[in-house]
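Okay, structure first, notes after.
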Amino acid sequence: MPPTLKIARVRKSALPLPAYQSEDAAGIDLMADIGAAIEMAPRERRAVPTGICVEIPVGYEGQVRPRSGRALKEGLALINSVGTIDADYRGEVKVLLVNLGELPIVIKPGDRIAQLIIAPVIRAEIVEVDELAPTSRGPGGFGHTGR
């Protein structure tokens with residue numbers, strides 16, 4: 001049985017609730033719940049409100065991911081991609097957008113600006129040790145294993 005995602009509106013809105021846009025879609029589209037269009041200059045960052053709060057079941061997280069069409073066409077991206085919404089967060093979901101394009105981008109009320117994936121979380125037991133098990137890679141990082 002799939003987990004239940006409870007959604008509460010932060011304010012009155014004519015926008016529909018976020019929803020899957022196709023039968024096999026992995027993400028729920030998040031929309032800009034804004035009173036007027038926002039113009040984002042190149043390299044500008046904004047926290048765009050969605051007008052909703054969510055109750056994610058314990059043992060799950062919400063992953064806020066960019067929408068590929070706007071990323072390709074306009075350079076609209078998420079500053080903290082992938083963003084995480086913890087199961088105990090109850091504040092308004094805001095999408096941290098950045099314009100990586102060369103032209104201004106206009107975000108209109110109701111625009112789909114990101115997608116929300118509900119995914120299981122595995123919490124690790126944290127144990128301090130004096131040393132870690134060796135590997136053939138060792139401490140090499142950032143390009144160490146090739147291009």
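The values are calculated or read from the model by the stated rules, or taken from the named source; none is laboratory data. Since we're looking at a predicted model, the values are computed, not measured. We place every Cβ from the backbone using ideal geometry, glycine too, and count neighbours over all the protein chains shown.
Give the residue that is nearest to residue 123 (Cα to Cα), with candidates limited to residues of the stretch 50-70 that are of a type in the set (Lys, Arg) and not in a strand (DSSP E or B). Give the derivation first.
First, pick out the residues of the stretch 50-70 that are of a type in the set (Lys, Arg): 65, 67, 70.
Retained after the next criterion (residues that are not in a strand (DSSP E or B)): 67, 70.
Values: 67: 28, 70: 33 Å.
The qualifying residue nearest to residue 123 (Cα to Cα) is 67.
Give the number of residues within the stretch 29-41 that are in contact with a Leu (Cβ under 7 Å, 6 or more places away or on another chain) and surrounded by fewer than 18 Cβ atoms within 10 Å (Cβ to Cβ).
So the count comes out to 0.
Write out, first by first residue and then by second, each pair whose Cβ atoms fall under 9 Å of each other, whose residues are 6+ apart or on separate chains, and whose first residue, in the stretch 7-32, is farther than 11 Å from residue 115 by Cβ while the second is surrounded by 11 or more Cβ atoms within 10 Å (Cβ to Cβ) and of a type in the set (S, T, N, Q).
Short answer, once both residue conditions are applied: 10/50; 15/50; 32/50.
In the stretch 3-14, how many are modelled with pLDDT under 95 and under 15 Å from residue 28 (Cβ atoms)?
1
Just checking, which of 84, 50 is loosely packed, with under 15 Cβ neighbours inside 10 Å, out of contact with any helix residue (DSSP H, G or I) (no Cβ under 6 Å at 6 or more places or on another chain), of a type in the set (S, T, N, Q) and at negative phi? Outline the logic, then answer.
Details: 50 fails: loosely packed, with under 15 Cβ neighbours inside 10 Å.
Residue meeting the stated conditions: 84.
What number goes with the only condition from (1) farther than 18 Å from residue 87 by Cα; (2) touching a Phe, Trp or Tyr at 6+ places or on another chain (Cβ under 9 Å) that residue 23 does not pass?
All conditions pass for residue 23, except number (2).
Go through (1) at pLDDT 95 or above; (2) out of contact with any Gly (no Cβ under 8 Å at 6 or more places or on another chain); (3) not in a strand (DSSP E or B) for residue 33 and report which single condition fails.
(2)
Each row is one residue, and each column tells you yes or no for (1) part of a loop (DSSP other than H, G, I, E, B); (2) in contact (Cβ under 8 Å) with a residue 24 or more places away in the chain; (3) among the β-branched types (Val, Ile, Thr); (4) crowded, with 17+ Cβ neighbours inside 10 Å.
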{"site": "72", "(1), (2), (3), (4)": "no, no, no, no"}
{"site": "92", "(1), (2), (3), (4)": "yes, yes, no, yes"}
{"site": "109", "(1), (2), (3), (4)": "yes, yes, no, no"}
{"site": "116", "(1), (2), (3), (4)": "no, yes, no, yes"}
{"site": "126", "(1), (2), (3), (4)": "yes, no, yes, no"}
{"site": "129", "(1), (2), (3), (4)": "yes, no, yes, no"}
{"site": "136", "(1), (2), (3), (4)": "yes, no, no, no"}
{"site": "142", "(1), (2), (3), (4)": "yes, no, no, no"}
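Exactly one of these conditions fails for residue 67: (1) in contact with a Lys or Arg (Cβ under 8 Å, 6 or more places away or on another chain); (2) surrounded by 17 or more Cβ atoms within 10 Å (Cβ to Cβ); (3) modelled with pLDDT of 95 or more; (4) not aliphatic (A, V, I, L, M). Give me its number.
Checking residue 67 against (1) in contact with a Lys or Arg (Cβ under 8 Å, 6 or more places away or on another chain); (2) surrounded by 17 or more Cβ atoms within 10 Å (Cβ to Cβ); (3) modelled with pLDDT of 95 or more; (4) not aliphatic (A, V, I, L, M), the one that fails is (3).
Exactly one of these conditions fails for residue 58: (1) closer than 19 Å to residue 5 by Cα; (2) surrounded by 15 or more Cβ atoms within 10 Å (Cβ to Cβ); (3) of a type outside the set (D, E, K, R). Give me its number.
It is condition (2) that residue 58 fails.
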